[in-house]
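Report on the following structure.
The values are calculated or read from the model by the stated rules, or taken from the named source; none is laboratory data. Just so you know, these numbers come straight off a predicted model, no measurement behind them. Here Cβ is always computed from backbone atoms with ideal geometry, including for glycine, and neighbour counts include all displayed protein chains.
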Amino acid sequence: MNRNKFKKIIAVIIFIAGTFYAQAQNPPHPNGGGAPGSGNTVVGGQQGGAPVGSGDLILLVLALAYAGRKINKRKEEAATER
């Protein structure tokens with residue numbers, strides 16, 4: 001395996017692993033958490049926060065499908081050149 005290919009593989013692995021550890025922050029409480037009469041509730045319901053992890057799997061599947069298509073296309077082009 002040549003050095004450039006190895007570097008690309010390591011970079012992709014680090015990028016994908018890094019996305020799984022990225023988390024969004026919860027939004028701030030209304031009025032600094034001191035809303036009169038309503039208590040200290042999270043904005044947007046009980047969970048709060050942005051759904052960051054829900055799109056990771058979709059992005060990974062689409063990227064793998066695209067890469068597979070490109071590899072298959074190159075193999076077909078190489079076979080027709082022979």
Margin query: Whether any residue in the range 4-22 is among the polar types (S, T, N, Q), in a loop (DSSP other than H, G, I, E, B) and at pLDDT below 85 is what I want to check.
Written below: no
Checked Gly44, Gly37 against criteria (exposed (fewer than 10 other Cβ atoms within 10 Å of the Cβ), assigned to a loop (DSSP other than H, G, I, E, B), of a type in the set (Gly, Ala, Ser) and modelled with pLDDT under 85); the one match is Gly37
Only one of (1) modelled with pLDDT of 85 or more; (2) surrounded by 10 or more Cβ atoms within 10 Å (Cβ to Cβ) does not apply to Gly53, and that is (1)
